[in-house]
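Asker: Take a look at the following structure, please.
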Amino acid sequence: MQKYLRFIIIPILCVTGFVQSSIAAEEYTINTDKILVTVVLKHQQDKSLSELQKKMDENRFWQSFPPKGMEIDSWYVMMGLGQVITLKVAPKDLRTLNLAIEKSAWGIFETDIYPTYEFKGIAQSIKAKKALEDNE
């Protein structure tokens with residue numbers, strides 16, 4: 001009997017899990033033709049500000065970054081770390097962004113690049129749903 005229950009219960013659980021994950025994915029779909037990319041430019045601590053700025057001028061950093069067609073979403077200086085820039089980029093232009101960083105930022109900054117997405121609205125939606133569930 002237990003053997004037969006496994007054949008019945010396991011497929012039902014799998015289908016239920018698939019349906020729930022599909023629903024969750026649909027509720028939180030991000031509709032845009034651009035991706036967000038976060039670029040972290042870490043200051044090289046062994047160089048002074050004037051050395052960094054001189055190298056930025058030599059590499060034509062300000063003329064090259066960000067490449068044309070990319071929108072700056074945010075650009076912060078984080079004391080003790082460096083600069084954190086979030087850009088809106090068409091997926092087809094990801095290579096262009098990478099090349100601009102390689103040509104203009106290397107030798108000045110250590111770089112990290114992360115695909116990113118805006119989570120604030122999703123978090124607020126989840127929080128509101130959880131608050132409703134708690135009140136029921």
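Asker: Sequence neighbours fewer than 8 away in the same chain don't count; with that in mind, list the lysines whose C-alpha is under 20 Å from K55.
Answerer: K55 reaches K42, K47, K103.
Asker: Go through region 45-54 residue by residue and turn each phi into a ³J(HN,Hα) via Karplus (6.51, -1.76, 1.60, θ = phi - 60°); whole Hz please, and just put x for glycine and proline.
Answerer: Listing the rounded values in order: 5, 7, 10, 6, 4, 5, 5, 4, 5, 4 Hz.
Asker: Using heavy-atom solvent-accessible surface (probe 1.4 Å) with all chains present, what is the largest-first order of I72, I108?
Answerer: Result of the area sort, largest leading: I72, I108.
Asker: Where in region 108-122 does the amide nitrogen come within less than 15 Å of the point 7 Å from the Cα of Q45, taken along Cα to Cβ?
Answerer: Zone members listed by number: 110.
Asker: So what's the net charge close to A90: Lys and Arg +1, Asp and Glu -1, counting the other residues with Cβ under 13 Å from its Cβ?
Answerer: Net charge around A90: +2.
Asker: Can I ask one more? Excluding ligands and nucleic acids, what accessible area in Å² is computed for K129 using a 1.4 Å probe, to the nearest 10?
Answerer: 80
Asker: Based on alpha-carbon positions alone, could you give the equivalent ellipsoid semi-axes of region 31-136 from the gyration tensor, as √(5λ), descending, whole Å?
Answerer: Listed largest to smallest, the semi-axes of region 31-136 are 34, 18, 9 Å.
Asker: May I pose another question? Residues of region 34-59 with backbone nitrogen within less than 16 Å of a virtual label 7 Å along the Cα-to-Cβ line of I113, please, listed as ranges.
Answerer: 35-42
Asker: Report the calculated FRET efficiency for Q124 and K92 (r = Cβ-Cβ distance, R0 = 30 Å), to the nearest 0.05. Can you show the working numbers first?
Answerer: Numbers: r = 31 Å, r/R0 = 1.03.
E between Q124 and K92, to the nearest 0.05, is 0.45.
Asker: Using a 1.4 angstrom probe on the protein heavy atoms only, could you order M70, M79 from most to least accessible area? Please report the intermediate quantities before stating the final value.
Answerer: Numbers: M70 20, M79 185 Å².
Putting M70, M79 in descending order of accessible area: M79, M70.
The values are calculated or read from the model by the stated rules, or taken from the named source; none is laboratory data. Since we're looking at a predicted model, the values are computed, not measured. Glycine also receives a Cβ, built like all others from the backbone with ideal geometry; neighbour counts cover every protein chain displayed. With ligands, DNA and RNA removed, areas are computed over all heavy atoms of the protein, side chains included. Shrake-Rupley method; radii C 1.70, N 1.55, O 1.52, S 1.80 Å.
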